[in-house]
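Take a look at the structure below.
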Amino acid sequence: MRKILVAALLCLAGPLLAQTGGEGYYKDIFMDSGIRLTSKSDLPVARYLDLKMERFISAVTKELTVVDTVLQYATIVGSPIDENGILLYPDGAPRFRMIYVNGGLATQHGRSLTPEGRARVKEYIDSGGSYLGSCAGAFLCGRYMDTIEAKPREYLNIWPGYGVDTGMSGTYTGMTLDKDSPLLKYNDFGGDHFVDSVYHNNGCYAVPLLEPGDAKTEVLLRYDADTMKLARPVHGRPSAWAYKQNERSGRVIAIGSHPESRAYGEILDLMAALVFYALDGNGIILEKGELKDGEPRVMDRRTADQDPAYTRIGDRQYHHFFVNVPKGAKTLTIELSTPAGWKDFDLYLFADRDRQAFRRSAPYKNVVLGSDKTLVIKDPKPGKLFISVFCATTVDTEETKYGERYTGRTDVLNGVPYTIQVNCE
C-alpha cells in the first residue's frame with residue numbers, strides 16, 4: 001500500500017512540478033547528446049514527468065563533420081543571435097532548470113566542448129542551474145582516476161571528487177539506497193531500498209574529496225555487485241551522488257550506470273527521483289535590487305557588459321526587484337516602458353507583498369499585450385513590496401536531426417531592454 005501511495009504521488013508531482021516549480025525558466029531540461037556522446041533524441045523521464053525539453057544531438061558519432069563542431073559551439077558557447085549560448089540568459093541566469101548529459105566518451109566530449117564551453121557549463125551551475133549526468137556524464141562532472149592515480153582530463157570540474165572506472169562493461173548491476181538517501185523523499189522503491197538490473201557500461205564510482213567547508217558529497221546509491229566476478233572492488237561503492245556548493249548554485253548529480261533509457265518500472269522511477277532531486281536543487285534567484293521612488297532604473301546592458309543587475313531580460317525570464325513603501329502612501333504606481341523599436345515584445349508586470357512576484361500567485365498584475373504598461377496599487381501597506389517583470393515573448397522551434405532550431409522571435413535571445421520606475425504619492 002505504501003509503494004502504491006508513493007508512486008501515485010510521484011505521478012501527480014510530475015505535472016505539478018512542471019507547472020509551478022519551473023516559473024522563471026525557458027524550459028525544464030536541456031539534453032546534451034553532443035560530440036562523442038550517445039546520439040539519443042529521447043529521454044523517457046521527461047515525458048513521464050511532463051517536463052519540457054530541448055536537445056543538441058551530434059548527428060555523426062564516428063565521422064564528425066564541421067557542422068557538428070560549429071553547431072555545438074554555437075549552442076553551448078554562443079553566436080551573434082545568442083551571445084552567451086542556450087544554457088544562459090543575457091544576465092547569466094540559468095535558462096533551463098537542468099542539463100542532462102548522456103553516456104559516451106567523456107574525455108573526447110569534454111575536449112570538444114572547448115575551454116569556453118566547459119566554462120559556460122560551470123557558469124550555468126554556479127548561477128543556479130542543475131546537472132544530471134550518467135556514465136560519461138558522471139565522469140565529466142569531476143576528475144578522472146584509474147585504480148592507481150589521478151590523471152588529467154578536460155572535464156567540467158563542477159564536483160570536487162574523482163570518478164573511478166568500475167571495469168564493468170555491457171552488464172547490469174543492482175543498486176541500494178542508504179536509509180538516509182535523499183531519493184527516498186520521492187519513492188521508497190518497494191520498501192526494500194533496492195533497484196535491480198540497472199544497465200552498466202564502463203561507468204564509474206565516486207571517490208569524494210574531503211572538504212573543509214560545509215558543502216559535502218551526498219551518496220544517493222551504492223553498487224550491489226557482490227555476486228559478480230569483479231576485477232575491482234566495486235561493491236558498496238557510491239554509484240550515484242550529489243553535490244551542491246551553496247544556496248546560489250545548482251545541484252550536481254551523477255550516476256555511473258544507465259537508468260535514462262528505461263520507459264517503465266522501478267528504473268524509470270529511479271530516474272524520476274534523480275531528476276526531482278536535481279530540480280529541487282536549483283539555486284535561489286535574488287532580486288536585481290531596490291527601486292527608489294521616482295528614480296528610473298534602465299535595464300539595457302548586454303551580456304558582454306558583465307553587469308547583470310542592469311542587463312536586458314530574456315525569453316520567459318523574470319527580473320525581480322523590491323521597493324520599500326513609505327508610511328502614509330496613498331498610491332504606488334509602477335511604470336514599465338521600452339525604447340523605440342522594442343514595443344512589440346510582451347512584458348508583464350507583477351507585485352506581491354509576501355514573496356517574489358510570479359504570474360500564478362501575485363495579487364497585483366498587468367498582463368496586457370505589449371511592452372509599455374502601468375500597475376497602480378491603492379493604499380499600499382508600508383514595508384517591502386516585491387515587483388517583477390516577465391518576458392512572455394519567446395522563440396519558436398522546429399525539429400532537425402541536430403535537435404531543435406530556433407525560429408520566429410530569435411531577437412529575444414539577446415534580451416529586451418526596458419525601464420522600470422515606481423512613484424509613491
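The values are calculated or read from the model by the stated rules, or taken from the named source; none is laboratory data. This one's a predicted model, so the numbers in the text were calculated from it and none came from an experiment. Cβ atoms come from the backbone with ideal geometry, glycine included; neighbour counts cover every protein chain shown.
Filtered by the rule that a residue be of a type outside the set (A, V, I, L, M) and farther than 15 Å from Thr75 by Cβ, segment 100-122 gives Gly103, Gly104, Thr107, Gln108, Gly110, Arg111, Pro115, Lys122.
Confirm whether Thr75 is on the phi > 0 side of the Ramachandran plot, in a helix (DSSP H, G or I) and hydroxyl-bearing (Ser, Thr, Tyr). Steps first, please.
Working: on the phi > 0 side of the Ramachandran plot: no; in a helix (DSSP H, G or I): yes; hydroxyl-bearing (Ser, Thr, Tyr): yes.
So Thr75 fails the test.
Residues that are surrounded by fewer than 20 Cβ atoms within 10 Å (Cβ to Cβ), at pLDDT 95 or above and among the basic types (Lys, Arg): does segment 338-349 have at least one? Yes, segment 338-349 contains at least one residue that is surrounded by fewer than 20 Cβ atoms within 10 Å (Cβ to Cβ), at pLDDT 95 or above and among the basic types (Lys, Arg).
Name the single residue, out of those in segment 148-173 being farther than 30 Å from Glu116 by Cβ and surrounded by fewer than 20 Cβ atoms within 10 Å (Cβ to Cβ), that is modelled with the lowest pLDDT. Lay out the reasoning, then the answer.
Initially, segment 148-173 is screened for residues farther than 30 Å from Glu116 by Cβ, giving 148, 166-173.
The next check asks that each one be surrounded by fewer than 20 Cβ atoms within 10 Å (Cβ to Cβ); those that pass are 148, 167, 169-172.
Numbers: Ile148: 53, Gly167: 89, Ser169: 91, Gly170: 92, Thr171: 92, Tyr172: 93.
The extreme case among them is Ile148.
Here Gly265, Gly236 are screened, and the one residue that is farther than 23 Å from Tyr162 by Cα, over 22 Å from the mean Cα position of the chain (by Cα) and surrounded by fewer than 17 Cβ atoms within 10 Å (Cβ to Cβ) is Gly265.
Name every residue in segment 26-50 that is in a helix (DSSP H, G or I) and within 16 Å of the chain's Cα centre (by Cα), in order of residue number. Steps first, answer last, please.
Pass one, segment 26-50, residues in a helix (DSSP H, G or I): 44-48.
Listed by number, the residues that qualify are Val45, Ala46.
If you go through segment 380-394 one residue at a time, do you hit one that is farther than 23 Å from Ala351 by Cβ and assigned to a strand (DSSP E or B)? No, segment 380-394 has no match at all.
Is it the case that segment 39-56 has a residue that's of a type in the set (A, V, I, L, M) and more than 17 Å from Pro259 (Cβ to Cβ)? Please lay out each step first, then the result.
Applying the first criterion (of a type in the set (A, V, I, L, M)) to segment 39-56 yields 43, 45-46, 49, 51, 53.
Filter once more, so that each one left must be more than 17 Å from Pro259 (Cβ to Cβ): none.
Scanning segment 39-56, I find no residue that is of a type in the set (A, V, I, L, M) and more than 17 Å from Pro259 (Cβ to Cβ), so the answer is no.
Scanning segment 78-123 for residues that are part of a strand (DSSP E or B) and small (Gly, Ala, Ser) returns Ser79, Gly104. When segment 149-184 is examined, which residues are found to be touching a residue at least 24 places away in the same chain (Cβ under 8 Å) and of a type in the set (Lys, Arg)? Of everything in segment 149-184, just one residue is touching a residue at least 24 places away in the same chain (Cβ under 8 Å) and of a type in the set (Lys, Arg), namely Arg153. Say whether the condition of being farther than 24 Å from Gly22 by Cβ, assigned by TED's automatic domain parsing to the domain that holds Tyr418 and not aromatic (Phe, Trp, Tyr) is met by at least one residue in segment 344-363. Checked against the condition, which is being farther than 24 Å from Gly22 by Cβ, assigned by TED's automatic domain parsing to the domain that holds Tyr418 and not aromatic (Phe, Trp, Tyr), segment 344-363 yields at least one hit. Here is a list: Asp280, Asp305, Asp300. Which entry is of a type outside the set (A, V, I, L, M, F, W, C), surrounded by fewer than 22 Cβ atoms within 10 Å (Cβ to Cβ) and closer than 30 Å to Asp196 by Cβ? Just one listed residue meets the conditions, Asp280.
Across segment 261-283, a minimum of one residue is classified as over 30 Å from Pro90 (Cβ atoms), outside any loop (DSSP other than H, G, I, E, B) and out of contact with any helix residue (DSSP H, G or I) (no Cβ under 8 Å at 6 or more places or on another chain).
Could you please let me know if Phe350 is under 26 Å from Tyr124 (Cα atoms), outside any loop (DSSP other than H, G, I, E, B) and not hydroxyl-bearing (Ser, Thr, Tyr)? No: the conditions fail for Phe350. Among residues that are part of a strand (DSSP E or B), more than 23 Å from Ile76 (Cα to Cα), among the hydroxyl-bearing types (Ser, Thr, Tyr) and at pLDDT 95 or above, Thr419 is included. Are any of the residues in segment 82-99 over 24 Å from Arg153 (Cα atoms), assigned by TED's automatic domain parsing to the domain that holds Tyr199 and either of a type in the set (Ser, Thr, Tyr) or surrounded by fewer than 16 Cβ atoms within 10 Å (Cβ to Cβ) (or both)? Yes. Screening segment 114-128 for residues that are hydrophobic (A, V, I, L, M, F, W, C) and buried (at least 24 other Cβ atoms within 10 Å of the Cβ) and picking the one that is farthest from Gly34 (Cα to Cα) gives Ile125.
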